[in-house]
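Every number here is computed from the coordinates shown, using simple stated rules; none is lab data. Since we're looking at a predicted model, the values are computed, not measured. Backbone-built Cβ (ideal geometry, glycine too); neighbour counts: all protein chains shown.
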Amino acid sequence: MDKNLLKKLEQKIQETISNKDDLKELIKSLSSIDDSKSFALGITVGRIYNSFYYQSKRILNREPTKDEFKEFLEFIQKKKSDLENLW
């Protein structure tokens, strides 16, 4: 694997570890979803969370704030039925 890509993946793992509490909140907000859909939903929500985080850094030139993350959680809650019905 390319050294630069490997370095970015290592950084993403460290960011994930440091944002564990945010991820727990996200999981908790979607916890009522049927287990048979969990894996597909996890990938879907992971992509959305990654986009939120990446675009915050790209557009705002900084990491998202706790308040912005709370707004993201509210956004995901509003889209919960769409995400449940996707799979």
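Go through N85, F39, I13 and say which Cα lies farthest out towards the positive end of the charge dipole of the chain; charges sit on Cβ, +1 for Lys and Arg, -1 for Asp and Glu.
Looking along the dipole axis, the top candidate is I13.
Hey, which lysines would be in cross-link range of K28, C-alpha to C-alpha under 29 Å, not counting anything within fewer than 8 residues on its own chain?
Output for K28: K8, K12, K20, K37, K57, K66, K70, K78, K79, K80.
Using only Cα atoms, find the angle between the long axis of helix 20-29 and the longest principal axis of the chain, and express it within 0 to 90 degrees, rounded to the nearest 10.
The two axes meet at around 20 degrees.
About its Cα centre, how strong a charge dipole does the chain have in debye, to the nearest 20, once Lys and Arg get +1 and Asp and Glu get -1 at the Cβ?
The calculation lands at about 300 debye.
With springs connecting C-alpha atoms under 10 Å apart, model the chain as a Gaussian network and identify which of L23, L73, L60 has the largest mean-square fluctuation.
Most flexible of the set in this elastic network: L60.
Compute a Gaussian network model of the chain, connecting alpha carbons closer than 10 Å, and tell me which residue from F72, F39, F52 fluctuates the most.
With Cα springs under 10 Å in the chain, the top fluctuation among F72, F39, F52 is at F39.
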